[in-house]
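Worksheet: the structure to be examined is printed underneath.
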Amino acid sequence: AFTYGGALPADPRFHATTGHKHSGATADAPKLAALACRVTHSAAQAITTGITTWQTLAFDTDSDDVPGWHDPVTNNARITPGFAGVFQIAAGVAFAPHATGERSIRIIDDAGTVVAQTLQVTCPSSAWRVVASCIARLAGPTNYFYVQVAQSSGGNLNVNATPQTWFSVHFIGT
């Protein structure tokens, strides 16, 4: 079992004893115990109205991605840890101001399972952030998480950019 600063899970990108990255590793390379990825949304993204019309968010900026779990260009909606384990997943989405309707966010795994979901029923006329978080397990190296949103304002509504809209995955154990 994984404990902070203790045993390291098998990951071919890291040395099993030291936790240093294999390619270009240095003495101060990050330990696997601190594996985490946080990505943000650098531009507003228009979300079509319809509380059952789920739309996947694109995250084009890596604010902290030491292990390389996110590609800001290809499949930029996904965070793919690259190994099996238990992860803490969280996302915060800031919708543009609009007093009408509901806002919703959900975190999904690659199998289509909703692992977390939050619905904000009443929204103020100022910008509103909806947050979802959970702990979930991924089974293998090609599995990933992504974020979807929905809203029912009666028209298109933007999701605000960095730093208000973000997505993070933290490795917590095997």
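Structural remarks
- Restricting attention to the stretch 92-113, the residues that are over 12 Å from N160 (Cα atoms), modelled with pLDDT of 90 or more and either open to solvent by less than 50 Å² (accessible area, probe 1.4 Å) or assigned to a strand (DSSP E or B) (or both) add up to 8.
- Scan the stretch 137-174 for residues that are under 17 Å from T49 (Cα atoms), in contact with a Lys or Arg (Cβ under 6 Å, 6 or more places away or on another chain) and open to solvent by 10 Å² or more (accessible area, probe 1.4 Å) and the total you get is 1.
- Residue-level check: of (1) open to solvent by 30 Å² or more (accessible area, probe 1.4 Å); (2) in a strand (DSSP E or B); (3) at pLDDT 85 or above, D71 misses just (2).
- Among the criteria (1) in contact (Cβ under 8 Å) with a residue 60 or more places away in the chain; (2) assigned to a strand (DSSP E or B); (3) open to solvent by less than 30 Å² (accessible area, probe 1.4 Å), the one A132 does not fulfil is (1).
- Here N76 passes the criteria (1) surrounded by fewer than 21 Cβ atoms within 10 Å (Cβ to Cβ); (2) closer than 13 Å to V169 by Cα except the one numbered (2).
The values are calculated or read from the model by the stated rules, or taken from the named source; none is laboratory data. Quick caveat, the model's predicted, so the values are computed rather than measured. Because the Cβ atoms are built from the backbone with ideal geometry, glycine has one as well, and the counts that use them run over all protein chains shown. These accessible areas exclude ligands, DNA and RNA; they are computed on the full protein's heavy atoms, side chains included. Shrake-Rupley method; radii C 1.70, N 1.55, O 1.52, S 1.80 Å.
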